[in-house]
Amino acid sequence: YQSRHNIVFGVGNPRARVMFIGEAPGRNEDLQGEPFVGAAGKYLNELLAIAGLSREDVYIANVLKCRPPSNRDPRPEEIQACTPFLREQTRTINPEYIVTLGNFSTKFILQTNTGITRLRGKIHVTGPFRVIPTFHPAAAIYDRSKIGAIEQDFDLIKLLLDTDAAREKAGRDDEEANHD
Ligand code: URA
């Protein structure tokens, strides 16, 4: 925390159905105190639109709450220091889906060494959460061959949310019919 300008705790809807978890704040995030506000964040906003979502619908956080100096890889003691905050965030928001953005957050949340390329695009279950890993938006900006896959993952998120919503509506309609 010693070199940070701001804590980047997390932002969004406390009743979000979907929570996004990235790695750590970058330069812009550190200066503004909000996750995903730089180039990766702008692309994340576009990806959210593919899933029919806006930033107001979702909750966005990172594993680390402070920017590592020069964006170096998070250290084990930093991860350990930030984990209680992330745990409380996931418990409090209690989302239907957690979308892990990139290798680091995916490995951390799923507690696996398997790489993102093999894990992405599928639903994984960990504890009470359904987890959808996808590439980090910054990775897709840097390597445009990942764009098709990352956008497909956001199509999947839309499909899941629409299907769940349709199922809930059908359940409500059934209940109403039973009362008629
Ligand atoms: N990359 C991340 O993983 N998190 C941010 O908040 C910004 C960029």
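The values are calculated or read from the model by the stated rules, or taken from the named source; none is laboratory data. In this text the structure is predicted, and so the values were computed from the model without any measurement. Methodologically, a virtual Cβ is constructed for each residue, glycine included, from the backbone with ideal geometry; neighbour enumeration extends over all protein chains shown. Just the protein is used for accessible areas: all its heavy atoms, side chains included, with ligands, DNA and RNA removed. Shrake-Rupley method; radii C 1.70, N 1.55, O 1.52, S 1.80 Å.
Observations on the model:
- Qualifying positions in region 56-73 - at negative phi, surrounded by fewer than 19 Cβ atoms within 10 Å (Cβ to Cβ) and in contact (Cβ under 8 Å) with a residue 40 or more places away in the chain: Glu56, Asp57, Pro68, Pro69
- Residue check, Glu96 among the acidic types (Asp, Glu) and either in contact with a Leu (Cβ under 7 Å, 6 or more places away or on another chain) or buried (at least 21 other Cβ atoms within 10 Å of the Cβ) (or both): no
- Leu110 being more than 16 Å from the ligand (Cβ to nearest atom) and surrounded by 15 or more Cβ atoms within 10 Å (Cβ to Cβ): yes
- Condition check for Arg27: of a type in the set (D, E, K, R), touching an Asp or Glu at 6+ places or on another chain (Cβ under 8 Å) and touching a residue at least 24 places away in the same chain (Cβ under 8 Å): no
- Residue satisfying all of: in region 41-82; hydroxyl-bearing (Ser, Thr, Tyr) and within 16 Å of the ligand (Cβ to nearest atom); nearest to the chain's Cα centre (by Cα) among these: Tyr59
- Close pairs from region 157-170: first open to solvent by 50 Å² or more (accessible area, probe 1.4 Å), partner in a helix (DSSP H, G or I), Cβ under 7 Å, at least 6 apart: Lys158/Ile50
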